[in-house]
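Working notes, structure below.
The values are calculated or read from the model by the stated rules, or taken from the named source; none is laboratory data. As the structure is a prediction and not an experimental result, all values here were calculated from the model. All Cβ positions, even for glycine, are placed from backbone atoms using ideal geometry, and neighbour counts span all protein chains on display.
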Amino acid sequence: MPDGDLDVLSDLLRGVRLSASMLFLVEATQPWVTSAPRASQFAAAVLPGARHIVSYHVVVRGSCWAGLERGPPVRLAAGDVFVVPHGHAYFLAEPRRYVERCGDAGSTEFFRRMAAGELPRVVGAGRGAGRDAGDSTEFLCGFLGCDAHPFNPLLASLPPMLRMADAVGASERMRLLVDLALFELRDRRPGMRDALLRIAEQMFVELLRARVDPSDAAAPDWFAALRDPLVARALAQLHSAPAREWTLARLARECGASRSVLAERFARRLGCPPMRYLAAWRMQLAAGLLAEPASSVKRVAATVGYESEAAFSRAFKRATGVAPVVWRERRS
């Protein structure tokens, strides 16, 4: 794995303002089914200020089916992780059953109360009694907020749903985090809620690290770029100094490559030239800075590499459809 690629991942996660909203355990006994509506229906209730919700589910014991609303299900076994990156409505169920519609009128209120700490962090599902290991399933549910707009290459590289087979068994860190989460959930000591939020974030980071693993030849786009030493170096340069007066020639010199080779490799891995990627990333950083009341449009423009406030405003409007001042008003 090239040096610096995980630093780029960390920078991207900061830039899209990743933050956990909740982590809880479901103990389900047959027959049972759980589902969630589109994340846009409950995002404001569980994490005010977040414009996008990512969810993931770690099967701790047993097995189940999972899928998007009206979509084909996938089978999950203990150790598997089911990720819904783009906020689609989804379900988990055992035994297998067709889910006509995911979520109901009470779903938003349930998520709001769970995120607020008003409900137990271990919840039951199903009509069965007891916890017979032969017919019960346990899974951790994690929810995180982030900015998807104007530019989140990480989300763009993920499919609508993702089954990560034996993600827990393949990573010692993930196993330790699952064990720690279960300990916190059942020990119920003071500070449990904040501890769980940190664990939820770290679990998601570990899942992303698995996508960067060189052995995963199928990983697309941004994750594949981090496996390419030259493109990873270019990304590290751009992310470390986004306001610098970059040109393709200057970036190529810093990476020790010719302009043509860098341009070809970068475009093949990420689907766009380096300077276009940089322009989009600058707009993502600017969008986050505009959410801070103390940051003027002029200061934001300078911070992301624009000498002219007018030029920045035009670029921002092209990227988002609205002027910086309007973006700020809508985010307040």
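How many residues are more than 24 Å from A286 (Cα to Cα), among the hydrophobic types (A, V, I, L, M, F, W, C) and in contact with a Cys (Cβ under 8 Å, 6 or more places away or on another chain) if we restrict to segment 14-45?
Final tally of qualifying residues: 7.
Checking T303 against (1) among the polar types (S, T, N, Q); (2) more than 27 Å from the chain's Cα centre (by Cα); (3) closer than 25 Å to R276 by Cβ: exactly one of these is not met. Which one?
(2)
Need a quick list: helices (runs of 4 or more DSSP H) entirely within segment 150-255 having at least 3 residues that are over 24 Å from A286 (Cβ atoms).
So the answer is 172-187, 192-212, 221-227, 229-240, 248-255.
Restricting attention to segment 265-284, and to residues there that are over 21 Å from F223 (Cβ atoms) and within 22 Å of the chain's Cα centre (by Cα), which single residue is surrounded by the fewest Cβ atoms within 10 Å (Cβ to Cβ)?
Among those residues, the one meeting the criterion is A279.
Keeping to segment 272-303, report how many residues are under 20 Å from C146 (Cβ atoms) and either part of a helix (DSSP H, G or I) or in contact (Cβ under 8 Å) with a residue 12 or more places away in the chain (or both).
So the answer is 14.
Of all residues in segment 135-153, count the ones that are at pLDDT 90 or above and aliphatic (A, V, I, L, M).
Of the residues in that region, 2 qualify.
Out of the residues in segment 143-157 that are aliphatic (A, V, I, L, M) and crowded, with 21+ Cβ neighbours inside 10 Å, which is farthest from R318 (Cα to Cα)?
L144
Could you list, in sequence order, all residues of segment 304-313 that are part of a helix (DSSP H, G or I) and surrounded by fewer than 14 Cβ atoms within 10 Å (Cβ to Cβ)?
A310, A311
Go through (1) surrounded by fewer than 16 Cβ atoms within 10 Å (Cβ to Cβ); (2) without any contact (Cβ under 8 Å) to a residue 12 or more places away in the chain; (3) in contact with a helix residue (DSSP H, G or I) (Cβ under 9 Å, 6 or more places away or on another chain) one by one and return the number of the condition A252 breaks.
(1)
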